[in-house]
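Working notes for the structure below.
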Amino acid sequence: MPADGYLDYIELPGSDIPATKRFYGAVFGWTFTDYGPDYVAFDSAGRSGGFNAARRVVKEGGPLIVLFAADLDSMEEKVRAAGAEIISREEFSGGRRFHFRDPNGNEIAVWTTG
């Protein structure tokens, strides 16, 4: 059982469940468990969450999920090849990252060190 305050699960809008599974499976290797046509849970190296078709992206600027990539340039190419829109790139002290929109309109970031 997780401790109080432990980040336990992330649930994101997922208006197109099949496209969501194809995208995150192909790019990041996530695995999925279907719970009906409108919900799919994911596993990302032991971290879990879900995509819910009933939830909608309301506006830009909400919570940001940040993923890690050892080779950021290669990961950006995989994300782009899978059809996602790259919306920004930035460098900062200690690393760099890019942001993209997934098939549902969620803004996700990927970062690396250095």
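Derivation of every value follows stated rules applied to the coordinates shown; laboratory data play no part. As the structure is a computational prediction, the values presented were derived from the model and not from experiment. Don't worry about glycine lacking a Cβ; one is built from the backbone with ideal geometry, like all the others, and counts go over all protein chains shown.
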Of a type in the set (D, E, K, R) and closer than 26 Å to THR112 by Cα, is that true of LYS78? yes
Scope segment 49-88; condition exposed (fewer than 13 other Cβ atoms within 10 Å of the Cβ), basic (Lys, Arg) and out of contact with any strand residue (DSSP E or B) (no Cβ under 9 Å at 6 or more places or on another chain); matching residues: LYS59
From the list ARG101, ARG55, exactly one residue is of a type in the set (D, E, K, R) and closer than 21 Å to VAL27 by Cα. Which is it? ARG101
